[in-house]
2 protein chains.
Amino acid sequence: MDAALALIAEHGVGGTSLQMIADGIGVTKAAVYHQFKTKEQIVIALTERELGRLEEALEAAEAEDHPPRARDLLLDRVIDLAVERRGAASTLQFDPVIVRLLADHEPFQRFIERLYGVLVGDAAADSRVLAAMLSGAIAVGVVHPLVADIDDESLRSELRRITRRLFDAAN
Amino acid sequence: MDAALALIAEHGVGGTSLQMIADGIGVTKAAVYHQFKTKEQIVIALTERELGRLEEALEAAEAEDHPPRARDLLLDRVIDLAVERRGAASTLQFDPVIVRLLADHEPFQRFIERLYGVLVGDAAADSRVLAAMLSGAIAVGVVHPLVADIDDESLRSELRRITRRLFDAAN
DNA sequence: GTCTATATAACGATAGAC
DNA sequence: GTCTATCGTTATATAGAC
């Protein structure tokens, strides 16, 4: 799965063949097919593995009864993960093939709904625009060439600082 | 090219074949090859067409001698275009195949450098993080499912409002 | 400029031996 | 679990007629 993720990040899902993945780990295509019945299942497994890292934080946030606190709790975890695994989340979030695939994958849809349930306070248009922009800001903020040479700790604190002030300014 | 862009937005570059593009406009593959020697050239032409829409605003911004004013000038145009052509810019910016392709395409690199030359005040780490986040915030802010039902005018003004706030939050 | 036809290669996926 | 071998399909790309 690490090999698959690295290849997909570089060439996209459509540009990554099972042969490339098999070569990347030194086995044949048939061996890969023994673990995953289709290419789609590899993508779904990759996404679930990455989203699973948010599960605990999401549950903790949902148990919190002060909404702004819940939001900050979750947001910090999202930023930590985005920085810690630079590129992984962004790859899975933006590849058009993955977007289409996950749109038909119910467990994924439910998880995303829970996520935004905590992050977006209400259904007002301005709240939704803010959430959409935030999502892009974090995802791109960790992979953009402009930040390639910035160490994790500095990047994390800067992301936190900017997202926090953005929310505070709204209230 | 419109047909190609729509298909790439939906299936990614790797998932879009020349056959699909040919079918989309009702001709054969051979007819498409008559206009573009390779699939890569289609992608480059698409990107150049989209970036060309920024050329005038970029030149005007570079002629401006008050940096913050130049930045706002360009930023407004970027937002206008992102909203006006929802999805087009985001598609081209995030598809991994396009990212790799354009990294080796010098005219594109020069244009991007000029863009960020105006948008990023200095080379300090926090300025670069902010620019990276801004780039993602706008690109995702116009295509995210959360904003799909918001009309262009509202979306544009909200994007403008929040990006301004992002700049303020950095200081 | 668009067509038919084709060359060559790679794709996803499966069967069956070990 | 991994292999070799293969099926059927599709891919990019080209040649040559109209």
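Readers should treat all values here as calculations from the given coordinates under stated rules, not as data from a laboratory. Worth saying up front: this structure is predicted, and the values here are computed from it rather than measured. Positions of Cβ are backbone-derived with ideal geometry, glycine not excepted, and every protein chain shown enters the neighbour counts.
Toward the positive end of the charge dipole of region B:1-97, about the Cα centre and with charges on Cβ (Lys, Arg +1; Asp, Glu -1), which of B:Val27, B:Ala3, B:Leu54 goes farthest?
Of the candidates, B:Val27 comes out farthest on the positive side.
Any chance you could tell me what percent of the C-alpha pair distances in region A:29-171 go past 24 Å? Show your work: numbers first, answer last.
On the way: 3574 of 10153 pairs.
Tail fraction, whole percent: 35.
For the rotation bringing B onto A, which B residue has its Cβ nearest the axis, and at how many Å?
Chain B residue with minimal Cβ-axis distance: B:Gly14, 1.
Taking other Cβ within 10 Å of each residue's Cβ, how do A:Lys29, B:Lys37 sort, fewest first?
Values: A:Lys29 14, B:Lys37 9.
In order of increasing Cβ crowding within 10 Å: B:Lys37, A:Lys29.
Enter the Cα centre distance for the pair region B:14-31 and region A:114-160, rounded to the nearest angstrom.
The distance from the Cα centre of region B:14-31 to that of region A:114-160 comes to 37 Å.
Could you please rank A:Tyr116, A:Tyr33, placing first whichever residue has the fewest other Cβ atoms within 10 Å of its Cβ?
Details: A:Tyr116 16, A:Tyr33 13.
Lowest count first: A:Tyr33, A:Tyr116.
Below 8 Å, C-alpha to C-alpha, sequence gap of six or more: please give me the relative contact order for region A:23-148 in percent. Don't jump to the answer; show the numbers that get you there.
Values: 66 pairs, mean separation 31.6, N = 126.
Relative contact order of region A:23-148: 25 percent.
Nearest 10 degrees, 0 to 90: what angle lies between the long axis of helix A:2-11 and the longest principal axis of chain A (Cα atoms)?
Value to nearest ten degrees: 80.
Indicate the gyration tensor shape class of the protein assembly as shown (rounded, prolate or oblate), computed on the Cα atoms with a ≥ b ≥ c the square roots of the eigenvalues: a/c under 1.5 is rounded; otherwise a/b larger than b/c is prolate and the rest oblate. Working shown, then result.
Numbers: a/c = 1.64, a/b = 1.09, b/c = 1.51.
Note, shape of the protein assembly as shown comes out oblate.
In nm, what does the list of distances from A:Arg53 to its counterparts in the other copies look like, shortest first, when each label sits 7 Å along Cα to Cβ?
Ordered by increasing distance: 3.4 nm.
What are the ³J(HN,Hα) couplings of region A:146-154, residue after residue, when phi is run through the Karplus curve with 6.51, -1.76, 1.60 and θ = phi - 60°? Round to Hz, x for glycine and proline.
Couplings: 4, 10, 4, 9, 8, 5, 3, 4, 5 Hz.
Shortest first and in nm to one decimal, what separations exist between A:Arg100 and its copies in the other chains, measuring from label points 7 Å along the Cα-to-beta-carbon line?
1.9
Using a Gaussian network for chain A with springs between C-alpha atoms less than 10 Å apart, which of these wobbles most: A:Pro96, A:Pro68, A:Pro107?
Sorting by GNM fluctuation, first place goes to A:Pro107.
Tell me the mean residue ellipticity at 222 nm calculated for the protein assembly as shown from its helices only (DSSP H runs of n ≥ 4, each -39500 (n - 2.57), averaged over every residue, nearest 500).
On the way: 20 runs with 266 residues, N = 342.
The helix-only estimate for the protein assembly as shown comes to -25000 deg cm²/dmol at 222 nm.
Going by how many other Cβ atoms sit within 10 Å of their own, how do B:Thr16, A:Thr38 line up, fewest first?
Numbers: B:Thr16 26, A:Thr38 10.
Arranged by neighbour count, lowest to highest, B:Thr16, A:Thr38 become A:Thr38, B:Thr16.
How far apart are the A:Ser17 label points across copies, placing each 7 Å from Cα toward Cβ, in nm, shortest first?
Label-point separations across copies, in nm and ascending: 1.3.
Treating only the Cβ atoms of Lys and Arg (+1) and Asp and Glu (-1) as charged, compute the dipole magnitude of the protein assembly as shown about its Cα centre; round to the nearest 20 debye. Before the final figure, lay out each step's value.
Values: 38 positive and 56 negative charges, 104 e Å.
Dipole about the Cα centre, nearest 20: 500 debye.
May I have the count of lysine pairs in the protein assembly as shown with C-alpha atoms under 28 Å apart, counting pairs 8 or more residues apart or located on different chains?
On the way: A:Lys29/A:Lys37; A:Lys29/A:Lys39; A:Lys29/B:Lys39; A:Lys39/B:Lys29; A:Lys39/B:Lys39; B:Lys29/B:Lys37; B:Lys29/B:Lys39.
Final tally of qualifying lysine pairs is 7.
Please turn the phi angles of region A:88-98 into ³J(HN,Hα) values with the Karplus equation 6.51 cos²θ - 1.76 cosθ + 1.60 (θ = phi - 60°), one per residue in order, whole Hz, x for glycine and proline.
4, 4, 4, 4, 5, 6, 10, 4, x, 5, 5
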